[in-house]
Amino acid sequence: MNGLVDGVDSRKPNADSILPELWRNMMVISARVHYACVAMLELAIQNDEGSPVAIREITDRHGVPGPFLVQILRSLRALGWVQSIRGSQGGYRLSVDPGTITLLDIAEAIGSQETGCRTEAKGTPIAAMLQEQWDDAADASRRVLGQATLSGLVERAQHGDASMFYI
């Protein structure tokens with residue numbers, strides 16, 4: 001057997017065989033950023049009611065570890081985006097207009113400080129070409145996240161995507 005499959009030497013590694021399937025068409029978001037976005041969306045969804053949202057509501061609904069969520073909410077409070085209310089009926093609520101905060105704002109503030117993807121590869125033409133692609137992908141994701149406001153996502157959840165909205 002010569003190792004050719006559809007005219008390609010199957011014994012030689014190629015990009016498809018090297019990169020795991022999960023890496024294709026995937027953007028990596030840290031758990032910290034994801035949970036911060038979840039918390040901000042929960043607070044935005046319940047913003048009109050004016051009553052604070054208990055941490056337990058978010059942890060129970062989304063499976064966010066409680067101590068981790070407390071750290072994230074402290075960071076959001078330090079940014080002035082949420083306020084904490086003490087007492088038995090306490091919790092957290094937004095202190096900003098949900099139309100002014102985007103997913104990009106949250107990602108940049110909470111833990112995604114990268115402005116692109118820098119590789120450790122040698123400066124070969126192939127590495128340079130790939131770096132350009134990574135940079136283009138990062139720019140595209142920044143544009144998409146920069147257009148996604150909390151209020152827009154709340155509206156989408158309430159009117160079109162019932163899988164996101166559950167009060």
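All of the numbers you see were taken from the coordinates with simple rules; none came from a lab. Source: prediction; values computed, not measured. Cβ: placed from backbone, ideal geometry, glycine included. Neighbour counts: every protein chain shown.
Approximating the spin labels as points 7 Å out from Cα along Cα→Cβ, the Val70-to-Thr124 distance works out to 5.0 nm.
Other residues whose C-beta falls under 10 angstrom from the C-beta of Leu104 contribute a net charge of 0, scoring Lys and Arg +1 and Asp and Glu -1. With K and R counted +1 and D and E -1, the other residues having a Cβ less than 14 Å from that of Arg93 yield a net charge of -3. In units of the compact-protein estimate 2.2 N^0.38 Å, the stretch 41-88 shows a Cα radius of gyration of 1.10.
When Ser141, Ser88 are sorted by how many other C-beta atoms sit within 10 angstrom of their C-beta, beginning with the fewest, the order is Ser88, Ser141.
Quick note on the stretch 47-118: its Rg to Rh ratio, both from C-alpha atoms and Rh being the Kirkwood radius, is 1.01. Other residues with beta-carbon under 12 Å from the beta-carbon of Val82 carry, at +1 per Lys or Arg and -1 per Asp or Glu, a net charge of +2. Cβ-Cβ distance of Ile29 and Gln133, R₀ of 30 Å, FRET efficiency by 1/(1 + (r/R0)^6): the value works out to about 0.95. With an a/c value of 1.5 or above and a/b larger than b/c for the gyration tensor axes a ≥ b ≥ c computed over the alpha-carbon atoms, the stretch 37-156 is described as prolate.
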